[in-house]
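Every read-out reported here was derived from the displayed coordinates using simple, explicitly stated rules and does not represent laboratory data. Because the structure is a prediction, the values reported are computed rather than measured. Cβ placement follows ideal geometry from the backbone for every residue including glycine, while neighbour counts extend to all protein chains displayed.
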Amino acid sequence: MGLPMLKIRPATAIRIRYYRRYGAQYLRDHSFILSMAAIYVLGIWIGSRVSQALDSQLANQLGPILTGFFAKRSDQTIQQVLYSAFLSSFIHLAFLYICGFCAVAAPFILFMPFFKGMGFGITAAGMIGAYSSNALIIVMVLMLPNALISAICLFYGCREAFGFSRYFWGQLRGNSSGEGRASVTEYTVKFIIFTIILGFGAALEGILYTSFSHFFL
């Protein structure tokens, strides 16, 4: 006796087709951002593996460095934490902005998420070794929120810088048709918006550290 056929209502079938088309369109429209996110995650994984692969002497040196850094940060004011967190993220964004004006900077632009993710992976893995019992809470509560905000700004900054760099590469190769003309003003305004968002992320990290760090560190 055969199994009964599962019947799908016409309205349900239409919704399924709509969501399928919408999902495919979303992936096409955001393929660059999703690629940057994948490179970032790869950097986190490799960074954590590198931290775990360190020999005992280097691992013992890394632990006190991280504990000292976080102990010092927990004693800082919200303004000091904000400045430190903002500066560490703004350096990467400023580097991307400058790379956008270079015709051959595309490889460096694509490497930035990997570099950023690797740093986060090494730090998070080192935290697990230094604060084994509270490490996950510290990473999730104190580090992850601003890390996500700065990473998203980095992904969009990579997209803008990559497109701007490709434009100059086309000009360098003699593509003077004017198609896809770059606007320095629009490019700069976007990076200013990214910088403002970084400021909000740094402020959030400052609030989290001053409010909760004494519970964990």
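Quick check on packing: order 161-173, 142-154 by the mean number of other C-beta atoms within 10 Å, highest mean leading.
Numbers: 161-173: 17.5, 142-154: 20.4.
Those peptides, ordered most packed to least, come out 142-154, 161-173.
7 Å from Cα along Cα→Cβ at both residue 49 and residue 186: what's the point-to-point distance in nm?
The two pseudo-label positions are separated by 4.0 nm.
Please check which bits of the range 79-97 a label hung off residue 32 would reach, taking the label as a point 7 Å along Cα-to-C-beta and the cut-off as backbone N under 15 Å.
Answer for this model: 96-97.
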